[in-house]
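Okay, so here's the structure we're looking at.
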Amino acid sequence: MNYTLSDKEKNQRLVWSITRSVLETDSYKHKRQGKKSKSHWNLFTSILGLFVFATKILGLFQKGKSNVFNISINQHRLAFPDLPAAFDGFKILHLSDLHIDAVEGLDNAIIERIKKVDFNLCVLTGDYRKESSGVFTHILSPIEKISKQIQSEFGPLAILGNHDTYLMANYEEESGMRLLINEKVELKRGEDKIIVSGTDDPFSFYTSACLMAFTPEKAFKIAMVHTSELADIAAENDYNLYLCGHTHGGQICLPGGKALISHQTDGNKHVKGFWQLDKMIGYTSVGCGVSGVPLRFNCMPEITVFELVKEQS
């Protein structure tokens with residue numbers, strides 16, 4: 001299925017790209033509650049370097065690296081009373097936080113998992129490269145490889161994360177994915193439809209334009225956001241399902257899966273897996289890839305398939 005931009009959306013994209021280009025050169029994260037300095041990042045990367053050194057000394061480095069390729073296929077069935085009848089059994093593949101250049105061969109590992117599942121729509125919730133600035137064109141080829149595997153009844157929908165640049169929007173056609181940049185699309189089967197809304201990243205690049213993606217229209221609605229930070233807005237607009245990532249589930253966790261660091265501040269309940277806000281179901285993916293260090297402990301990467309079914313009264 002091809003998605004086309006309206007003239008209004010093209011104009012909105014132009015304004016967005018100018019704004020985002022300025023934000024990307026700033027030394028602050030732009031969040032709903034205001035600016036936040038990025039200056040602590042250098043200290044954090046130094047700590048990560050010490051951690052990697054320690055894993056090598058303790059003989060744990062190879063184990064942590066092999067865990068990166070141990071991608072789980074997690075399948076869930078979700079029942080909704082207001083799901084349109086034509087979408088009963090509709091399957092959504094959720095990919096998040098690929099950081100596809102962090103570890104060589106990760107793209108092939110992801111593709112092998114995708115080949116094992118059936119789905120009607122693939123959604124990608126941001127963070128396609130390792131670094132959060134600098135060059136990005138080297139990830140276009142592996143992203144295109146993955147894109148060829150996720151073409152289905154409806155074309156794949158993607159959003160940007162805090163590691164992504166606005167320039168990726170210039171390669172939308174080459175990637176084979178429709179970016180939702182504070183936009184929404186309707187997926188139709190006959191007379192029935194569902195609405196999918198996608199925002200720009202609210203972790204580092206929040207602007208009030210993010211709110212344009214959410215519609216009060218009465219329909220079955222799915223929100224794609226890089227983080228859980230806009231869950232309250234989606235719930236207020238009666239969204240049914242909220243899909244996000246960003247946290248990696250902690251990536252480096254204690255035995256039992258407790259995250260040491262999640263880079264989010266809106267509660268431990270949003271670190272990974274299912275959560276709920278009012279009537280809206282939320283899901284935070286632990287992601288496919290890695291960031292900071294090429295390791296995972298006690299938190300395996302995942303691809304997730306949600307089967308939507310109509311709840312019988």
>> Return the residues of the range 242-260 that are part of a strand (DSSP E or B), over 25 Å from residue 222 (Cα atoms) and not small (Gly, Ala, Ser); say none if nothing qualifies.
In response: 252, 253
> So which residues in the range 109-147 are of a type outside the set (A, V, I, L, M, F, W, C) and under 24 Å from residue 76 (Cα atoms)?
Replying inline: 112, 113, 115, 116, 118, 120, 125, 126, 127, 147
>> Out of 36, 29, I need the residue that is under 28 Å from residue 273 (Cβ atoms) and without any contact (Cβ under 8 Å) to a residue 12 or more places away in the chain. Which one?
In response: 36
>> Checking residue 306 against (1) farther than 14 Å from residue 94 by Cα; (2) touching a residue at least 40 places away in the same chain (Cβ under 8 Å); (3) among the aromatic types (Phe, Trp, Tyr), only one condition comes out false. Which one?
In response: (1)
>> When you check residue 173 against the structure, is it at pLDDT below 95, surrounded by fewer than 20 Cβ atoms within 10 Å (Cβ to Cβ) and closer than 18 Å to residue 9 by Cβ, yes or no?
In response: yes
>> I need every pair where a residue in the range 113-129 that is over 17 Å from residue 168 (Cβ atoms) has its Cβ under 6 Å from the Cβ of a residue that is surrounded by fewer than 22 Cβ atoms within 10 Å (Cβ to Cβ) and among the charged types (D, E, K, R), sequence separation at least 6 or different chains.
In response: 119/91; 120/91; 120/153
> When residues of the range 261-299 are filtered for being touching a residue at least 24 places away in the same chain (Cβ under 8 Å), part of a loop (DSSP other than H, G, I, E, B) and among the hydroxyl-bearing types (Ser, Thr, Tyr), how many remain?
Replying inline: 2
>> Can you confirm whether residue 104 is out of contact with any Pro (no Cβ under 8 Å at 6 or more places or on another chain) and not in a loop (DSSP other than H, G, I, E, B)?
In response: no
> What tally of residues in the range 257-310 results from selecting those that are buried (at least 22 other Cβ atoms within 10 Å of the Cβ), among the hydroxyl-bearing types (Ser, Thr, Tyr) and touching a helix residue (DSSP H, G or I) at 6+ places or on another chain (Cβ under 6 Å)?
Replying inline: 1
> Can you name the residue in the range 87-100 that is buried (at least 18 other Cβ atoms within 10 Å of the Cβ) and either more than 16 Å from the chain's Cα centre (by Cα) or without any contact (Cβ under 8 Å) to a residue 24 or more places away in the chain (or both) and is also nearest to residue 75 (Cα to Cα) among such residues?
Replying inline: 91
> Quick one: how many residues across the range 186-235 are in a helix (DSSP H, G or I), crowded, with 23+ Cβ neighbours inside 10 Å and among the charged types (D, E, K, R)?
Replying inline: 1
>> Between 241, 254, which is out of contact with any Ser or Thr (no Cβ under 9 Å at 6 or more places or on another chain) and buried (at least 21 other Cβ atoms within 10 Å of the Cβ)?
In response: 241
>> Considering only the range 192-201, I want to know if a residue exists there that is within 20 Å of the chain's Cα centre (by Cα) and more than 22 Å from residue 13 (Cβ to Cβ).
In response: yes
> Looking at residue 97, is it within 17 Å of residue 303 (Cα to Cα), of a type in the set (D, E, K, R) and either modelled with pLDDT of 95 or more or touching a Pro at 6+ places or on another chain (Cβ under 6 Å) (or both)?
Replying inline: yes
> Out of all the residues in the range 263-285, is one or more more than 17 Å from residue 202 (Cα to Cα), among the small types (Gly, Ala, Ser) and more than 17 Å from the chain's Cα centre (by Cα)?
Replying inline: no
> Can you find even one residue in the range 173-182 that is part of a strand (DSSP E or B) and touching a Lys or Arg at 6+ places or on another chain (Cβ under 7 Å)?
Replying inline: no
> Yes or no: residue 131 modelled with pLDDT under 95 and of a type in the set (Asp, Glu)?
Replying inline: yes
> Among the residues of the range 27-78, which ones are modelled with pLDDT of 90 or more, of a type outside the set (S, T, N, Q) and assigned to a loop (DSSP other than H, G, I, E, B)?
Replying inline: 32, 58, 59, 60, 69, 71
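The values are calculated or read from the model by the stated rules, or taken from the named source; none is laboratory data. Just so you know, these numbers come straight off a predicted model, no measurement behind them. A quick note on method: Cβ atoms are made from the backbone with ideal geometry, for glycine too, and the neighbour counts reach across all protein chains shown.
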